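Here the structure comes first, spelled out in structure tokens, and everything after it is commentary.
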Amino acid sequence: MTNKPDAGPGVVVRGERPSIDAPDLPSRPYEFVMETEVESLEKMHKVARHRKFEIHVDEPAHLKGDDQHPQPLIYVAAGLGA
């Protein structure tokens, strides 16, 4: 497992990234792994940490949360729209 210097902490890159213009599939595997820690707090409140960032998630009351932070799927939807 090698961490390339430009990848940053919490990111592991294995192999060489294939070019999108390459006519054939790469001969060697390529992996891009992002590591995140998740901590459960009170009720459904959780915090995920990656590098210097924290992402808080919660659920609404009908799902036993306090509705103090966005639901996890909101972050997924936002990421798809970004």
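Label reach from Leu80 (point 7 Å along Cα→C-beta): in the stretch 49-68, no amide nitrogen lies under 16 Å. Proximity of backbone amide H atoms, modeled 1.01 Å from N, is registered between Gln71 and Asp58 at under 5 Å, excluding neighbours fewer than 5 places apart on the same chain. Placing a pseudo-label 7 Å from each Cα along the Cα-to-Cβ vector at Phe53 and Leu73 gives an inter-label distance of 2.2 nm. Shown here are the Rg and Dmax of the Cα trace of the stretch 36-82, at 11.0, 32 Å.
Bear in mind these aren't lab numbers, they're just calculated from the coordinates by the rules spelled out. Nothing here was measured: the structure is a model prediction, and the numbers come from that model. Reconstructed Cβ throughout: ideal geometry from the backbone, glycine too, with neighbour counts over all protein chains shown.
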